[in-house]
1. Give, as ranges by residue number, the residues of the stretch 255-281 whose backbone N falls under 16 Å from the point 7 Å along Cα→Cβ of A146.
2. Please determine, in degrees from 0 to 90 and to the nearest 10, the orientation of helix 83-107 with respect to the longest principal axis defined by the Cα atoms of the chain, where the helix direction is its Cα long axis.
3. Would you calculate the separation in nanometres between label points at Y318 and I23, each defined as 7 Å from the Cα along the Cα-to-beta-carbon direction?
4. Per-residue ellipticity at 222 nm for the chain, helices alone: DSSP H runs ≥ 4 residues times -39500 (n - 2.57), over residue total, nearest 500 deg cm²/dmol?
5. In the stretch 1-144, what is the volume of the convex hull around the alpha carbon atoms, normalised per residue and reported in Å³?
6. What FRET efficiency do you get for W103 and R304 if R0 is 41 Å and r is their Cβ-Cβ distance, rounded to the nearest 0.05?
7. Calculate the spin-label point distance for A46 paired with F346, positioning each point 7 Å from the Cα along the beta-carbon direction, and give it in nanometres.
8. Quick one: plug the Kirkwood hydrodynamic radius of the chain (C-alpha pairs) into Stokes-Einstein at 4 °C, 1.567 mPa s, and report D in µm²/s.
Amino acid sequence: MVTRTTRAAALAAAAGVVALAPIPATAIDRWYSGGLFPLVQPTVTAALNTVPVALFDLALVGSVAYAGWLAAAVVRARKGARPGRAWQSALAAIVLCATAYLWFALLWGLNYRRTPLEARFVRTAPRAQPSAVAGLGARAAAQLNALHGRAHAEGWTQEEWRDAGLRQAFADTLRALEHGSAVEPGRLKRSVIGPYFRWTGVDGMISPFTLEVLANPDLLPFERPFVAAHEWSHLAGYADEAEASFVGWVTCVRARVPAQYSGWLFLLWQVRAEVSSAERERLDRSLDPGPREDMAAVAARVRRGARPQLRRVSWAAYDQYLKANRVDEGVRSYSRVLELLATTRFNDEWVPAIAGR
């Protein structure tokens, strides 16, 4: 007969093996990212797209309530001098944590261990030079000036997952990257953690437990296409933030004008964060009034409701989470998208050149 202790020990051991085993990236590519994960993601995301609320919220509230109940049970057992009850509650907590980790790893998290996307690109240089990054910023500013009027005239949808043009650009981008399976784009959903997004400056995330896209409710219309494409890239298994931004950006610039504008706007923000103050001022001066107003609106949106101390704590925790999942650069991996864009050779229509093709 399997006891509670045995079951908890088995689950904890299984979680430990999955977390620590040195599984080769080639095995992950073949059996997980190219095998199990593509069988699950389209079905789960498509099903949950039909539901306007985030299943993640229900899972989160239920897990927090259960964890609170277990903690209270331990306290009651200790006060009543009932060590057996306390031990049972502790075992239940171990089962909860181990099950949650295994669910995370098997449903999405093992994508962190796949072969890096950049390993397949034809590179023009081993490292991005400052002049190349500045050149990306100048090009982004010029594109924003050129696209602003048309983008605002066409406008933006609030249902990116139903935008045929953006979906097609995403599918075409994955095909250009030789991504071997179909990916279902996710609906941008509001969540109970929306205030947390606002306080910490997070634009969105996918739920690795439900394969849904959760978005900051304050996103401006011209921000949403890039955020959607970035999160869809995570749903495609590109767990690394730089890779998701790369795939999301290429998707946007190959889509219709409103999405192109969103992609170039993201790129300009990213460049501004990495260049010198003098270069930043030069880029800002090069913007026409329209794009400059949009940039100011984004800055105001980020400042509104911000909680700097909570933001620092939150991003420090996320940094540790990324490093625990073998992303050695932590949150600095976000800025690495500039290196990918500056050193990857592109063919026509922003198709990345793949080695050996």
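1. Once the point is set 7 Å along Cα→Cβ of A146, 255-265, 267-268 turn out to lie under 16 Å by backbone N, inside the stretch 255-281.
2. 30 degrees
3. In this crude label model, Y318 to I23 measures out at 2.5 nm.
4. On the way: 14 runs with 216 residues, N = 357.
Value at 222 nm, helices only, nearest 500: -20000 deg cm²/dmol.
5. In the stretch 1-144, the Cα hull volume divided by residue count equals 240 Å³.
6. 0.70
7. Placing both labels 7 Å along Cα→Cβ, they lie 3.1 nm apart.
8. 59 µm²/s
Each reported figure results from applying straightforward, stated rules to the coordinates on display, with no laboratory input. None of these values were measured; they are calculated from a predicted model. Every residue, glycine among them, receives a Cβ derived from its backbone with ideal geometry; neighbour counts consider all protein chains shown.
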